Each structure stands twice: as structure tokens, then as C-alpha cells.
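First comes the structure, then the notes that go with it.
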Amino acid sequence: MLMSILIAVAATLRLWPLVGAQPLCRVRKVRTGKVFNGGQQVHGGVLYFPSTTTCLIKHPCEKTTALYLGRQVFFTRDNFEYSLLPLTIPTSIMVGRPEVTSAHFAGSHLLLVVNQRVYMYNYKAGLWNTSEGIQHPVSHVSGDNCCFVGNTFCLEISNSVFAYLHGEQISQANIYFSNNGGFSFQKFTYERQAELVGSLGGIFFLHALSQVGLLVINNRKGMFAYSDHPLNRSLGLAFDYNETLEVLIPPGQRGLLILWSQNNLFLSLNADENGLAVLTREDHLYYGSLGVLSGSSSIIKFPDQQVWSQGAALMFLNPGKLQILTPLPDAASPVYDFQKCVVNIQATLMDPDLHVEKCKIELMYGNFEGKMYTMDMNSQLEVTAVLIPRPDASLIPQVMVSNPYSLGLKTSIYESDNTYEGNVLYKLYIRLKQQHHWGWFDPNFTSSIKRPTMSTLTVDIANKEISCVDLKPLTALISIGCDREKKLIVQNKISACSAGVLDPRVLQDNYTYVIKKGSYDLGPGRESAKGDLLVSYPFKDFGCPGLVYYETPWKPVIELWHGNEFAELVEAEFVLREVHGLRTFSYALTAKDAGCRSQPQNWSSVLQSALGSGRAPWSRESYVSCHSPSSQTPLRWPDVQYQILGGRTDNRVIFKQWNGIYVFHLSVLDPYYSYCRLETTFSIYVYGAYPLSLFAPGVTIVLLVASMLLAMWLAHILPKLLCAHGGLKIKEAYRELRRRCHGLCHCCRGRQH
């Protein structure tokens, strides 16, 4: 919700009297690093900012890096502690006078819109490049920065950038998006963009709400359109838009939005109290504490001092110090000096003539302050804060989340102890869970649980005095998404090596095995196998395979680990795919046996639909449960195999009469189990299957019966032959054969000696 604050009137604020006659600040001139006698020259096209109001943009993560936008443009990595040449762009990539209309820090790069094109300045290497992919004129870039190093989710925030042309008709606006920090862009289409009426005031990542916000300007009114449920059902609250407003998203993902011009200031106070400074042309400096509760905002006018100029810019060095920066030209050099006037806000507010109430909070501390947490599906987070008020002072803690559509909380506060000075120490306990798991889920209010989101947790004190400059709100960033420390491990309690079926030394020695061409499949859209497949077994990756008896219906036992700690056994739905295409197994259940109410997915259909799409074939994003009825995929073939394991069914794998190694890739499908794409690859060895017969079953039976009949006939006729005359001849022949064999053996033994 946007709150309008018109500084000239200040009717909704408590306006304090002027501070006494002490000077506002002491002016200091920065004049260092200059080389005289013409040693420094300007090379390239000198950038300039056409606006009548100067801007100073600090890098959110590199505290001494900043960009000054005025009649000249200056870039610093030392907080303007050295004299500087104006920033220039190489003439090799720029034609004409380089006019800057927008700038944004994206990680370690500076993005600038110059003459309606986006350029990237790698200030660490001193290199310029033109961003690729933008085919239409643009005037602005917008994005955000997240400063938690090494976090993938945070990196995605910093790498996301929009480019657009301000004032273009929204229905036909050409909006571009980059997910790599501005190196390249691609066309972005906002959902329902063609239906919106008005001109484009900007498009922004509102990460604290997990939304993309599009500013619509129509009939001198501004409204935000949002990208996702539940805010996308209607436009936001309207506010006056009588002139072009600059849009600022303060760093930290705290849910703050500032729209301002020379005459108006609009703020969206989503969460905590905020300090704000305004310098006017009349040399009036205002400092305000802006709260979310009615009547909780205060503003004070500091003593007048001649600090305003056309090039003056404000910059907070920290919550208690404000710097007024002004570039100073040097007639003898192209290098500019800088005038600095630092206002100590805390010291100024301590002036007894002002009669500002003392801050009623002595200490506010939280173990979560400045941290980033990840909450995966079905998890919760508990944090605490310590509050110590001044003696005999009461306080009302405020605990807020910037995205209540996704994250809910419960709080409790207790009187825990007393300090040595006798002050009461309070402990504030905060428990956070997804709104879906608190028991008051409302589909008209709550965002989709399948979609990863984020929120900012803020703890502050209601109606905090303006003098509480150093007690800033406690904040933490919470990513409701994939916990990347989660991993899957398939149990292997009895391996083929420990059972003596396979020799680990043989497996480690570049072991290979052969899969017959009739036993494997190359997949949909490919030709049938034309020969046997020689496979190398990667012992380093899989170790000894697990041992499985072929006649036992089998299902892997899956463990979920968080880092190096076991979390639980996985009961969610998952699928298996043999890496080399082996198809010598089937499934115990059919679609009917599994209780499907619609036609279940299978590997053939999933792989076919994934061809050429570039996405994972079967994952939590593409999974569709068959246990809910569907008019698009009714249950037409109930006798097909049900290829999903786990979940509500006891489906298992049935192996055919084939001994050998299987290498399976396992993917968890249940979209409500985790935001992560949980996958793993493992191996098993199936044993105990007798070799297949060389003959058809019918032929085998005939031969077996014939052999039995022959044996019975011989058993009947041989005794009769032995008793007859012919039998005597047989006996004599047998004796002669024995005698000759005995003689041959005796001869051989003699030669050996």
C-alpha cells in the first residue's frame, strides 16, 4: 500500500521545532590524488545525466562503491575520498553525446542505459560491453541486490534485471529480462499485459512479496499490477501520478518502495520504521522517522545552512550519519574535487534545546539479525530476540513478515530476567511456518504452496522515538524454497561384495559388462538397438552394488540427509529409470491396482513430451498425480503398468530372469515433499536367476518326456539282454575293454618312472 507524504505540507507528520543555532555540519573538501601539469586527461565520451535532480546510487553490498549522477557522472570505489575524473564511455561503442537515463549495480558490474541502449561496465577490470538481446529502445533498467555471499538463491536475485522504455503503452510495451546480471536479455511478456490500459511507469522485482510489479499509469493515477496469486486478481491501490516519478527500491529486500519527484514523495511502508532525509532548494534539511502505525511518524527540520546546490546529493553513511556530497570543478584540471558535509544525526537530536524524548529502548538484539535462512517444504523456523526497555518504560514489539501470503508466524514474549541496573529483560519467541501449515489456509489469500517464495522478517518497536537512531529494526531474509543441503542416499546394507557375489578388486579394475541388444532400449524417437552394449562400471561413483534376489519384489529404501545428518526415510512418490536403457524388469501394480482415477504418466509419454524442451523429463515440476480425476486424461487403459513407487501405494519392481548390474537414476516426484529436485543415482546387482532354456517350453517338455520313456524302456530291456546269449557277448566285451584300459594305464605309469 502506498502512503503519500508531501514534504511541503507535512500535515500527517508530527513536526518538531527547529534545532538551535549550532551548525548543521562542518564542510570538508576532498582534494587528493591529483596529477598536475596536464598529466590527467579525459578519454572517451563524457557521460551526463539530463535530470534536474541529482542521484547518488550506493552499491548495496560494496559499501564504499557508489555512482553519482548529475551534470557529470562520477564513479567511486572509495566513497569519494579521492578527486575524480568524470566517468566516460569508449567512443568505439558509442556514437553521439552519451546521455544516461538509468543505472543499476548488478553484482560486480554497473549497468547504464545510454542513448536508449544498455551497457555494462566491469569496473574491476575497467571494461565496457554492450548488453545483447535488446532489439528496441529502452530508457530504464531495474533490479535488486542480495548480499549473502555463496547463496544460490541470493545470486539469482542479484542477476535478475529488467529493461524497458518508460511511458510506452503497456499493451504494446517491449520489456526485456536478464537472468545473468545484464550480459544478455530476452523478451519478457507480462501475463495479461495486452489487457492493461495505460502507459508503463516501470517494472520491478518486488522480492519481499515474491512478485513482479508493473506500474500502470492511467488518467493521472498510478497503480501496481502483480504477477502471481493472490495479488494478480486485481490492481493495487491507486495514487496520484501527476508527474514522472523516480522509483527506488532500498536494499535488503525489506518491502520498501519509494517513488519521488521534486514535488512529491510516496512511500510503501510494508514493514519496519525507516529513517528518511530530504534536502530542499531552500537549504532546508528534514529528517524523519516513518512508522507503519497511525501517528507514529515524526519529522524534524535541522538548522539552515547553505549546503544545497544543483549538484548536491544525499547519502547515508550509516543509520546515524548523513553525508551531503557536492562535486567541485577545478579550473586548472579536468579532475573534480568533492565537498563533504557530514551530519551527525544522533548528536543533533541530543541537543537539549530540541526536547526530543529519549529512546525508551536500551537494547534490542536478535540471533537472526542480518542472516538468511532457508525453509523447505513442511519445515519451520524458530528465532528469539532480546528487548530491554528503559526503567519504568513500556514497549510494544512489532513482529512482521513482508510476505504474509506465504509465511505465517506466532509470537510470545516473556519477562526473562533483570539486568544489574534493575532493568527488565524480555525474550521474544518467534515461530515461522508456511501459511498452508498453520491451519487457517485461505485460497483467496494464500499464495500457491508449489511456488518458491521469500519473505523478510522484521522485529521493531511500535511508536519508537525519533531519537532511537542507532536502534535499527532487526531483520532476516527467509527463502521459502529448496534447502540445497538436502541429499538422497539409497540404503545398501548388503552389497554384492560383502555377500561374496562380486569381487571389489575386479570392479575397481576398469570393470566392464555386456548388455545384449534385446535387453535394452535407446528411448523414444530413436532407432532400435543394433548391437550389444559394452558398459564400463564406475566403481568410484557407486562402490559395490546393492544385492537383490531376482524373485523378490523390490523397492529401494531412500534416506534423506541434511548435510552430514540423517533426517528421515523418504516415503514420497518417486520413479526409477535404468541409465543404460535396461528393460528386463516390470512393475507389480497396474493403474487400476494403484487406485488411479485418471491415466497415469509413464516413461514413454513423459520422455516423448520432453523431447526438444530442454527440461528434465520427469520431476516435481512435470509430475501429475493420477489419483485425482481429470477430464483431459481419463482412465482409459487401467491395465497398463503403474511406474511410480512410494507414496500411497506399495508398488514394487519385478525383475525378469536376468542376472547382472542395474544402474538406476531416482527422482522424487511429490511436489509437496520438497522444493528441491531431489535425485540420486545408484547401482544394484540382481542374482539368482537360472539361465534361460535354449529351447522353447513345448520342445523342452517333449524331450523330457521322451527321455523318461527311453530310460524306463532301458531299465526294462537291459536285464533281459544280460541273461540271454547276446548278454554273454556283452559281458565278454566289457571284460576285454577293462583289461586293455588297465594295461594302458600300467604302461603310462612305467614311462613316468
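Structural remarks
- Search result, residues across the range 328-346 that are hydroxyl-bearing (Ser, Thr, Tyr) and touching a Cys at 6+ places or on another chain (Cβ under 7 Å): none
Yes/no per residue for (1) assigned to a helix (DSSP H, G or I); (2) open to solvent by 30 Å² or more (accessible area, probe 1.4 Å); (3) of a type in the set (Asp, Glu):
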site: TRP561; (1), (2), (3): no, yes, no
site: GLU568; (1), (2), (3): no, yes, yes
site: ALA572; (1), (2), (3): no, no, no
site: HIS580; (1), (2), (3): no, yes, no
site: PRO600; (1), (2), (3): no, no, no
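- The residues of the range 405-429 that are open to solvent by 30 Å² or more (accessible area, probe 1.4 Å) and under 15 Å from ALA476 (Cα atoms), listed by number, are LEU409, TYR429.
- When residues of the range 60-71 are limited to those that are surrounded by fewer than 20 Cβ atoms within 10 Å (Cβ to Cβ) and in contact (Cβ under 8 Å) with a residue 60 or more places away in the chain, the one nearest to LEU248 (Cα to Cα): PRO60
- The condition (being modelled with pLDDT of 95 or more and open to solvent by 10 Å² or more (accessible area, probe 1.4 Å)) is satisfied by just one residue among GLY126, GLY96, GLY133: GLY133.
- When residues of the range 144-166 are limited to those that are touching a Leu at 6+ places or on another chain (Cβ under 8 Å) and modelled with pLDDT of 95 or more, the one nearest to GLY252 (Cα to Cα): VAL161
- Enumeration of residues in the range 73-89 that are over 35 Å from the mean Cα position of the chain (by Cα) and open to solvent by 50 Å² or more (accessible area, probe 1.4 Å): GLU81, TYR82, LEU85
- Tally, over the range 211-235, of residues that are within 11 Å of TYR190 (Cβ to Cβ) and not β-branched (Val, Ile, Thr): 6
- Per-region count, the range 70-87, residues at pLDDT below 95 and in a strand (DSSP E or B): 1
- Residue in the range 657-668 that is modelled with pLDDT of 95 or more, more than 30 Å from the chain's Cα centre (by Cα) and either part of a loop (DSSP other than H, G, I, E, B) or within 22 Å of ARG597 (Cβ to Cβ) (or both) present: no
- Cβ pairs under 8 Å, 6+ apart, first in the range 607-631 and at pLDDT below 80, second of a type outside the set (S, T, N, Q) and not in a loop (DSSP other than H, G, I, E, B): ALA616/ALA610
- Scan the range 334-381 for residues that are in a strand (DSSP E or B), open to solvent by 20 Å² or more (accessible area, probe 1.4 Å) and either more than 27 Å from ASN463 (Cβ to Cβ) or β-branched (Val, Ile, Thr) (or both) and the total you get is 9.
- Selection within the range 201-219 - out of contact with any Asp or Glu (no Cβ under 9 Å at 6 or more places or on another chain) and of a type in the set (S, T, N, Q): ASN218, ASN219
- Within the range 111-169, strands (runs of 3 or more DSSP E) holding 3 or more residues that are without any contact (Cβ under 8 Å) to a residue 40 or more places away in the chain and acidic (Asp, Glu): none
- Filter result (touching a residue at least 24 places away in the same chain (Cβ under 8 Å) and either more than 18 Å from GLU81 (Cβ to Cβ) or in a loop (DSSP other than H, G, I, E, B) (or both)) within the range 307-333: VAL307, TRP308, GLN310, GLY311, ALA312, PRO319, GLY320, ALA332
- Total residues in the range 170-191 satisfying the condition of being without any contact (Cβ under 8 Å) to a residue 24 or more places away in the chain, in contact with a helix residue (DSSP H, G or I) (Cβ under 6 Å, 6 or more places away or on another chain) and over 20 Å from ASP228 (Cα atoms): the figure is 1.
- Qualifying residue in the range 44-55 (condition: open to solvent by less than 10 Å² (accessible area, probe 1.4 Å) and under 22 Å from SER160 (Cβ atoms)): no
- Among the residues of the range 682-703, some residue qualifies, meaning at least one is under 30 Å from ASP376 (Cα atoms), surrounded by 11 or more Cβ atoms within 10 Å (Cβ to Cβ) and either modelled with pLDDT of 95 or more or among the small types (Gly, Ala, Ser) (or both).
Okay, residues lined up against (1) closer than 30 Å to LYS464 by Cα; (2) modelled with pLDDT of 95 or more; (3) surrounded by fewer than 17 Cβ atoms within 10 Å (Cβ to Cβ):
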| position | (1), (2), (3) |
| --- | --- |
| ASN180 | no, yes, yes |
| ARG233 | no, no, yes |
| LEU267 | yes, no, no |
| ASN270 | yes, no, no |
| GLU273 | yes, no, no |
| LEU276 | yes, no, no |
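- Just one residue in the set PHE205, PHE239 is closer than 18 Å to ASN403 by Cβ, in contact with a Gly (Cβ under 8 Å, 6 or more places away or on another chain), in contact (Cβ under 8 Å) with a residue 40 or more places away in the chain and crowded, with 17+ Cβ neighbours inside 10 Å; that residue is PHE205.
- Strands (runs of 3 or more DSSP E) wholly inside the range 182-269 containing at least 3 residues that are more than 25 Å from the chain's Cα centre (by Cα): 199-206, 211-218, 221-226, 256-260, 265-269
- All strands (runs of 3 or more DSSP E) inside the range 1-68 with 3 or more residues being at pLDDT 90 or above: 55-58
- Neighbours by Cβ (under 9 Å, 6+ apart or cross-chain): first from the range 440-466, on the phi > 0 side of the Ramachandran plot; second at pLDDT below 85 and open to solvent by less than 10 Å² (accessible area, probe 1.4 Å): ASN463/GLY291; ASN463/SER296
- Test: residue in the range 483-493 that is aliphatic (A, V, I, L, M), under 30 Å from GLU357 (Cβ atoms) and assigned to a strand (DSSP E or B): no
- Of all residues in the range 319-333, those satisfying the criterion of being open to solvent by less than 70 Å² (accessible area, probe 1.4 Å) and not hydrophobic (A, V, I, L, M, F, W, C) are PRO319, GLY320, GLN323, THR326, PRO327, ASP330, SER333.
- For SER619, the conditions (1) under 14 Å from LEU669 (Cβ atoms); (2) polar (S, T, N, Q); (3) open to solvent by 30 Å² or more (accessible area, probe 1.4 Å) all hold with the exception of (3).
- Counted residues, the range 155-176 - those being surrounded by 15 or more Cβ atoms within 10 Å (Cβ to Cβ) and under 14 Å from SER139 (Cα atoms): 11
- The listed residue being out of contact with any Asp or Glu (no Cβ under 8 Å at 6 or more places or on another chain), crowded, with 19+ Cβ neighbours inside 10 Å and among the aliphatic types (A, V, I, L, M), out of LEU432, LEU477: LEU477
The values are calculated or read from the model by the stated rules, or taken from the named source; none is laboratory data. Remember, it's a predicted structure, so these values are computed and weren't measured experimentally. Counting neighbours? That spans all protein chains shown, and the Cβs are built from the backbone with ideal geometry, glycine included. Calculation scope for accessible area: heavy atoms of the full protein, side chains included, ligands and nucleic acids excluded. Shrake-Rupley method; radii C 1.70, N 1.55, O 1.52, S 1.80 Å.
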